[in-house]
Amino acid sequence: MGLKPKGHLHAISSGTQSMEEVIDIVKVIHPYADVIHLREKSWTDHDWVTAIDQLRDASVPIEKICINHRVDIAALKDVKRVQLGYQSVPVGMVKDRFPHLKVGASVHNLQEAEEAFRQGADYLLYGNIYPTSSKPGKPGAGISKLEEMAHAFPVPTIALGGVTTERVREIVSVGAHGIAVLSGIFLSQDPEESARKYQEALQREVDPLGETI
């Protein structure tokens, strides 16, 4: 067996907390999270600008920040990462216009993943893998589907949905390059400690010298 990939911890904001809460959480989790997704559909343009400015002022590494959907805000505020879903502008359009942006694609099946990869997505965020409180009543795709996805494309696959520290070994063992966590970090009683535990669980299973995305 070859070297395991480097693990990546993606922390995703909940969309249910105040801007102040989100900023405070990002300030304490950034040493442990590799990518921090701001997934805030209710924020105004002014909120976005204010939040990015405050994170910069707090010395949060801007290269760790990923803005979901709002390509315009990422471009205006010189944020290097965006996450796109099926309702977003096409991956290819973003890569053509903003080739410097690292673009993640949220996918739910191989067909969506194939299209995102064809258009130049830098990584795939795939889920939900397990049942999760953020999508009540929706069964998880399961570990075998994650394995299929992870080996289908030469870009990293990040597992999303119902991910616990106890499930990290199983996730990494089938070839996923990392995990994405929402409620387990942003909605936990101690986000900093939770992020630390997730990162420690990842590092027990991965190659620390693997590729960075």
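The values are calculated or read from the model by the stated rules, or taken from the named source; none is laboratory data. Note that this is a predicted model, so its numbers are computed, not measured. Please note: Cβ atoms are built from the backbone with ideal geometry, for glycine as well, and neighbour counts cover all protein chains shown.
Structure above, values below:
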| quantity | calculated |
| --- | --- |
| Lys6 vs. criteria at pLDDT 95 or above, basic (Lys, Arg) and over 18 Å from Ala121 (Cα atoms) | no |
| Which listed residue is surrounded by fewer than 22 Cβ atoms within 10 Å (Cβ to Cβ), touching a Leu at 6+ places or on another chain (Cβ under 9 Å) and either closer than 21 Å to Ala159 by Cβ or polar (S, T, N, Q) (or both), from Gln83, Gln17 | Gln17 |
| Some residue of the range 81-90 being more than 20 Å from Ile23 (Cα to Cα) and within 15 Å of the chain's Cα centre (by Cα) | yes |
| Conditions (1) among the aliphatic types (A, V, I, L, M); (2) closer than 22 Å to Ile36 by Cβ; (3) crowded, with 16+ Cβ neighbours inside 10 Å; number of the one not met by Ile62 | (3) |
| Close pairs (6 angstrom Cβ cut-off, 6 or more residues apart or separate chains): in contact (Cβ under 8 Å) with a residue 24 or more places away in the chain and surrounded by fewer than 21 Cβ atoms within 10 Å (Cβ to Cβ) in the range 45-57, β-branched (Val, Ile, Thr) and part of a helix (DSSP H, G or I) anywhere | Gln54/Ile23 |
| Sole residue being in a strand (DSSP E or B) and either over 30 Å from Glu170 (Cβ atoms) or not small (Gly, Ala, Ser) (or both), chosen from Ile23, Ile67 | Ile67 |
| Output for the range 171-193, where each listed residue is touching a residue at least 24 places away in the same chain (Cβ under 8 Å) and buried (at least 21 other Cβ atoms within 10 Å of the Cβ) | Ile171, Val172, Ala176, His177, Gly178, Ile179, Ala180, Val181, Leu182, Ile185, Phe186, Pro191 |
